[in-house]
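The values are calculated or read from the model by the stated rules, or taken from the named source; none is laboratory data. Remember, it's a predicted structure, so these values are computed and weren't measured experimentally. As a convention, Cβ positions derive from the backbone with ideal geometry for all residues, glycine included, and neighbour counts pool all protein chains shown. The accessibility values were calculated without ligands, DNA or RNA, using every heavy atom of the protein model including side chains. Shrake-Rupley method; radii C 1.70, N 1.55, O 1.52, S 1.80 Å.
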Amino acid sequence: MIRSLSLLRSWLKEERRLLPRSARPGWIALGTLGLLSVLLIVESHRRHAQIRSAQERQRLEQLELVDAALGDLSRTVFDWARWDDSLQFVQGRNPSFVQRDIAESSLFAAGGVMVVIDRGGRPLVSFSEAGIDHPADRPLQQCSLANLSSLTSLSSAVKLFCPGAEGHPYLGVLTQISNNDSTAAAEGSMVMFEPLVGPDQGPRLRVQLEALATQLVSGGSGEQLSLPGSIRLYGPDGGLIGLRPLASLTPLVHSLRDDLLLVLGLLAPLLLIRMQLTLAHRRQRLVTLHRERRVTERIRRVCKQLDGLLARSGASDQRLSAPQRVMERLLRAEDPPPPRESTAHPLALERRLDAFARRFQHFLDGAHNLALLDQLTQLPNRRFFIEQLALEVERHQREQQPIALLFVDIDRFKELNDSFGHSIGDCALVLVAQRLRTLVGLHDFLARYGGDEFVILHHLEHVAIGDYENQHKNSLRFAERIAAAFLDPVDLDGVSTELNLSLGITLLRPDLSSPEAAMQQCDLAMLRAKQNKHNRIAIFDLDHSDARDSDYELYTDLLRAIRDQELSVLFQPIVDTEGQPRAVEALARWQNPCRGWVSPEQFLTLAERHRQTLRLSEALLRQALIGYKAIPMGAERPLNLSFNITPTELEDPSLVSRILRQLELHDVAPAQLTLELTERGILEGSAIVQDNLRHLRLHDIRLSLDDFGTGYSSLSLLSQLQPDEVKIDRCFVMAMQQDPYALQIITLLARMAPALGFQLVAEGVEDRVSFERLRDLGIQRFQGYWFARPLASAAVDAFSALPPAACV
């Protein structure tokens, strides 16, 4: 509560501060209050007239309902009172009238009551649904007796409003009893009552009549009851029934209150937002004032320290120049004026200004270091390098001096960071920077480009302009010197490891248009160096520049296709000896809107070149799992899904977690997935590859050795991988009918498979003869166009439903 009051007080203070100084809050408040009062009075008058009109219309409707009910009741009571049987009953000549006529009538089912009074004014009988002369009917009898005097003639009728036993209001009509043609003298009176609010009435009608009943008062008080035809209504005391005055004040207050609550409900959030903004502005202003105060205090302390360090001697102010006098005045603004005899000497003031200049220069040097130097390695940073490269490109276009641009990247730096921590990674960056600093020439420019990347502008001295062959040789020799400096293991804060570098080189040529073009060429050379497992140095070749531009356009299309999910996945069945599908291999397809169908080899290679393999594989695996789940499968013959993994993905430490996350997301068991690996990815793999393979086996994901026989195939590879499946490359299958050597290899593999515990799959089966020959050799799984081309998921279901005609 105290906190809320404090915030409210702060808000009001801030609002008052924001008012113009000429404005008087008191007059503004009075003026606003007066305007609101006038508006409230006008609105109250308008609403009062509106409510009064609505109440009058509603009362008129209610009275019309009462008049209609009395009219029906009058017709009923006149029918009974102008009847010979009724007259004879009053005269005592028809004792069975009640049991025979009244009790058998349906008039009393809705709560009606009949009272018969003799000529002497005594009640003969009262009848209702409760029975004859029921005690609950006595208030109605008394009301009838109280109004007998109002009957003036045989044709007259008195309309009554009487309360029942429990206070329920009744309408009644009192008239004299005569014969059928009304010629006999009156021998008594009859009253017919009906409830004002009956059970057979609708909810809205009941509410209106109940409201009217509360407004009717007896004894002549209140307004005169006005009904059509100037009919009067009498109460239980024999007096006229009146209406209470219309109470429009309470509805008016309720209406204004409801609207006021609505307005407050709308204004409260706005006021709260305004309050928050104002308080935030106030807090920001206070923070700014606090900062300014601290800065001012710091400036004062610095000035005092400067004045304390710089001695004052007694030189006359007239000997100082105008700028010097102004500077001295500014530096000594917070100090009391010194005595006249201690006036500073000009040389002392010069020393003071010199000290101030040195301090300011030190500040500029610090800003320069922060803006242009990398804080870890103290090398020029990326921004500095880009500007320097732009200057070198301009100078090269003028002077044609040979310059090589080298892009240096630390291999497996992420693995080093993840394994030993960022502190060891920082030690590695500092060590590489120090060694590179010792290797570059006096006129070379070395910078840290970002992350684990360094760049070098190497001046090719003593090389003729236009002699690109020698420029190539000198650049390669310089790069080899850099690579050779990191052949031996290094010690990084107690951690012994190896640091290998990949280097991409490009030469600045006269036709080079911009620094960005030079960096693109150097980046392309770096990618080639990364892809080369045996030589980590690559130099840009102009012969590939056109392809580079075309590839980059296709690369941007590929990124858009991944983002917009334009890539599709088809499934080629892998069948058994009976032609029934046992697995499906997911095959990527891409139809470019402008280029048409792009081959998988082309866009997969493009993704590898631009380091987008992981992103592409993630999108394809998601598409493959979605399509795989759409294939209807029986529990007795489930299909496995085969998916291809590139060597780059095997080098990713997050491979296993990414695959498991996708399997869980699409509700696919790990045992249903088979990953097809290439021989190159396994033989040239690192410890990360071996760790990934081990974790994949631990999670029951099957491993398949794809295109076996085309690369480094050997028994040691089978022993190292221990695959669940080996796929014979299609070149052996297609050549086995003409090449005995190919047939011998397939035969040997078919005999080895049971002993080594892997399943053999023959790829590229395109005719019946090949299938039968392979089946006779003992191979159990087949894949090829003779069975089915790559199909959509719905077509795989249709293929499964077909009889194995291919194997008959």
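Annotations
- Accessible surface, 1.4 Å probe, highest first, among residues S150, S178: S150, S178
- Remark: the L151-R775 segment gains 212.5 nm on full extension, using 0.36 nm per residue and subtracting the alpha carbon distance.
- For the range 373-546: rounded, prolate or oblate by the Cα gyration tensor [a/c cutoff 1.5]: prolate
- Stretching the chain fully between H134 and A735 yields a gain of 204.7 nm (0.36 nm per residue, less the alpha carbon separation).
- Sorted largest first by accessible area at a 1.4 angstrom probe radius, with every protein chain in place, the residues H422, H254 fall in the order H422, H254.
- Electrostatic dipole magnitude of the range 373-546 [Cβ: Lys, Arg +1; Asp, Glu -1; Cα centre; debye, to 20]: 140 debye
- Solvent-accessible area of the range 373-546 (1.4 angstrom probe, protein heavy atoms only): carbon and sulfur portion equals 48 percent.
- Using C-alpha pairs below 8 Å separated by at least 6 residues, the relative contact order for the range 553-801 is 20 percent.
- At an R0 of 35 angstrom, the distance between the Cβ atoms of N500 and E399 translates into a FRET efficiency of 0.45.
- FRET efficiency for the pair R382 and Q602, taken as 1/(1 + (r/R0)^6) with r the Cβ-Cβ distance and R0 = 41 Å, rounds to 0.80.
- Rough spin-label spacing in nm, given labels placed 7 Å along Cα→Cβ, for N179 and A755: 13.8 nm
- Considering all different alpha carbon pairs of the range 553-801, the Kirkwood hydrodynamic radius works out to 18.8 Å.
- Accessible area of H666 (1.4 Å probe, protein heavy atoms only, ligands and nucleic acids ignored): about 30 Å².
- In terms of accessible area, using a 1.4 Å probe and ignoring ligands and nucleic acids, E104, E210, E187, E725 rank largest first as E104, E210, E187, E725.
- The magnitude of the dipole of the range 553-801, with charges of +1 and -1 set on the Cβ of Lys/Arg and Asp/Glu and taken from the Cα centre, is near 220 debye.
- Accessible area per residue for the range 373-546 is 49 Å², calculated with a 1.4 Å probe on protein heavy atoms, without ligands, DNA or RNA.
- Contour excess over end-to-end distance, with Cα ends at D576 and R100 and 0.36 nm allotted per residue: 161.4 nm
- Inter-label distance for A211 and D237, nm, one decimal - labels placed 7 Å from Cα along Cα-to-Cβ: 2.8 nm
- For the range 71-233, accessible area per residue (1.4 Å probe, heavy atoms of protein chains only), Å²: 48 Å²
- Å² per residue, accessible surface of the range 553-801 at 1.4 Å: 46 Å²
- Relative contact order of the range 373-546, pairs being alpha-carbon contacts under 8 Å that are 6 or more residues apart, as %: 28 percent
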